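Beneath this line is the structure, given in structure tokens, with notes to follow.
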Amino acid sequence: MRYLIQLFLATAATTVFAAPSDLDAPHLNVIPRTAEEAARIAKVTAPATEFDKPEPFETNPAGAATVSPRGNADAFSLPSANIPFERELDFKVGNGLFKKLWVSSPSSTLASDGLGPLFNARSCQRCHLKDGRGHPPEGPEDDAVSMFLRISVPMPPEEAMSEIEAFLLSVGDSTPRTRPDPVYGGQLQDFGVAGHPAEYRLDVRYEEVEVSLSEGETASLRRPTYRAEDLGYGPLAEGAMLSPRVASPMIGLGLLEAIPAADILALADPEDADGDGISGRVQIVWSFEHARPMLGRFGWKAGAPTIREQSASAFAGDIGVSSPIFDAAWGDCTTEQTACREAPHGDGDARGTEIDAEGLDLVTFYSRNLAVPARRDVGAPEVLRGKAVFHEVGCTSCHQPKFVTERLEDQPEQSFQLIWPMTDLLLHDMGEGLADNRPEGRANGREWRTAPLWGIGLTEQVNGHTQFLHDGRARSLLEAVLWHGGEAQPARDAVVDMPKADRDALIRYLESL
């Protein structure tokens, strides 16, 4: 068996970058494109060259799945506009499971027990507020329910590599390897059911840093420091690395999943062969469901390959709920947390795991079909000027405007749509200022996946705040731009130096997305 695995890895290593189909999505029923379709797609996804009027279909960033923007906090909670009537019920039931409050075991409500014993939130919705963006604690009295710390330690040199680590090594990847903290696991949970201490309390402190801009303007950035306080299970391991994460918006995930892997790989330039200063590396992760390497797409460092696997991972790590993919009833609890592992759990009844395959499928369907709202003011002169600035300073080198999704046999909502997600789904060096110094898969401590920008202008309407980036440190879109470093440093510097009117137009454009 060991020989067979090595043979598979060696074979895959020679083909993965030469044949993008090796990283295709085995969970999607794809109808191959014809040569005529490929030619049409190349034409419609070509970069914009004129900025005096909107491009055709630019108003609808999710193609036919785009919904009209609502003027309230429900703007991110609507189903795909093209969802068939007979599938709306699945969306609504999935919504119910997404909002369901889980309870500790044992409980008379067997369909809902299994919480924890250690957890970050009692439901998916508690982190993904209104299906939108989380935020850091707003002060010492506020909880961190939509934000947590991932944790890992350097891999001991004597420890055997996992399958994905062996695969990445075989293709020449040298990113330092890590392991979960031996006591606290892969993320810190700040709640515990009765009798189980929480693992920690998140402490965030900020230092204000002034930035001078052109024409006498200034901006102030808040530089955060994170501490894990009130540790419930002893000190963290030596060398522990912490990475703060707020919950990401849920809109458009099914369309991101349907972008052809080949189109993403075509944008990668890991050695910066074209000399434009932008690398772009593919994240490759191990699929626990499909038992093979896959293209990482979801999460701040693209650590999950599919929506279903990302959902199962969140159930396990955030809520402590087992699923057919991650079936440990104790969630993220380690062998050192014996009381957590030996506590009553919700599995072992008719469900099998605490959320069964049907429930996980419904949550996946719901997540796949949360719709992207249409853009606003797409033809306004200042928006068009901001779009031109966005292109001129090189933002589109990472925030790739357009793709056409795969033609899919059984997903009409996502099939063959011209979409405008404003991401290449690749890993980029974002500089020391944003570094968490914690490797994850192929991503080193300075790399993050390019975040999609669709819907970003509706953040305040949906979530009541304007806090951006992976840890919510930026209090405005301008602050988010000014935090860009690494490969994005030239674009950031151009924004600092440009006339104020152009800077204002750039922000106005982002607000229209």
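Summary table
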| item | result |
| --- | --- |
| Options I151, I83, I41: the member that is in contact with a helix residue (DSSP H, G or I) (Cβ under 7 Å, 6 or more places away or on another chain), in contact (Cβ under 8 Å) with a residue 24 or more places away in the chain and not aromatic (F, W, Y) | I83 |
| Within segment 391-411, tally of residues that are open to solvent by 20 Å² or more (accessible area, probe 1.4 Å) and either within 17 Å of A25 (Cβ to Cβ) or among the aliphatic types (A, V, I, L, M) (or both) | 5 |
| The listed residue being charged (D, E, K, R), open to solvent by 60 Å² or more (accessible area, probe 1.4 Å) and assigned to a strand (DSSP E or B), out of R245, R223 | R223 |
| Filter result for T59 (surrounded by fewer than 21 Cβ atoms within 10 Å (Cβ to Cβ), in a loop (DSSP other than H, G, I, E, B), free of Cβ contacts under 8 Å to residues at least 12 places away in the same chain and not charged (D, E, K, R)) | no |
| Hits in segment 362-381 (condition: buried (at least 17 other Cβ atoms within 10 Å of the Cβ) and farther than 16 Å from L453 by Cα) | L362, V363, T364, F365, Y366, S367, R368, N369 |
| Answer residue from segment 131-174, given it is part of a loop (DSSP other than H, G, I, E, B), among the acidic types (D, E) and open to solvent by less than 60 Å² (accessible area, probe 1.4 Å) and is nearest to D74 (Cα to Cα) among those | D142 |
| Odd one out for T49, checked against (1) more than 27 Å from V393 (Cβ to Cβ); (2) open to solvent by 70 Å² or more (accessible area, probe 1.4 Å) | (1) |
| Subset of segment 226-242 (residues that are open to solvent by 40 Å² or more (accessible area, probe 1.4 Å) and part of a strand (DSSP E or B)) | Y226, R227, E229, L242 |
| Hits in segment 314-340 - residues which are open to solvent by 50 Å² or more (accessible area, probe 1.4 Å), touching a residue at least 12 places away in the same chain (Cβ under 8 Å) and not charged (D, E, K, R) | P324, F326, W330, A339 |
| Qualifying residue in segment 437-447 (condition: in contact with a Lys or Arg (Cβ under 6 Å, 6 or more places away or on another chain) and open to solvent by less than 20 Å² (accessible area, probe 1.4 Å)) | yes |
| Number of positions in segment 248-274 that are within 12 Å of the chain's Cα centre (by Cα) and open to solvent by 30 Å² or more (accessible area, probe 1.4 Å) | 2 |
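Table: residues versus (1) farther than 22 Å from S248 by Cα; (2) modelled with pLDDT under 95.
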| site | (1), (2) |
| --- | --- |
| S311 | no, no |
| A316 | no, no |
| I319 | no, no |
| W330 | yes, no |
| T334 | yes, no |
| C340 | yes, no |
| A343 | yes, no |
| G352 | yes, yes |
| E358 | yes, no |
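Residue-by-condition table, conditions (1) polar (S, T, N, Q); (2) buried (at least 20 other Cβ atoms within 10 Å of the Cβ); (3) in contact (Cβ under 8 Å) with a residue 24 or more places away in the chain:
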residue: T450; (1), (2), (3): yes, yes, yes
residue: Q461; (1), (2), (3): yes, no, yes
residue: L469; (1), (2), (3): no, no, yes
residue: G472; (1), (2), (3): no, yes, yes
residue: E479; (1), (2), (3): no, no, yes
residue: L482; (1), (2), (3): no, yes, yes
residue: P490; (1), (2), (3): no, no, yes
residue: M498; (1), (2), (3): no, no, yes
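The values are calculated or read from the model by the stated rules, or taken from the named source; none is laboratory data. Quick caveat: nothing in here was measured; it's all calculated off a predicted structure. Don't worry about glycine lacking a Cβ; one is built from the backbone with ideal geometry, like all the others, and counts go over all protein chains shown. For the accessible areas, the whole protein counts, side chains as well, though only heavy atoms, and no ligand, DNA or RNA atoms are used. Shrake-Rupley method; radii C 1.70, N 1.55, O 1.52, S 1.80 Å.
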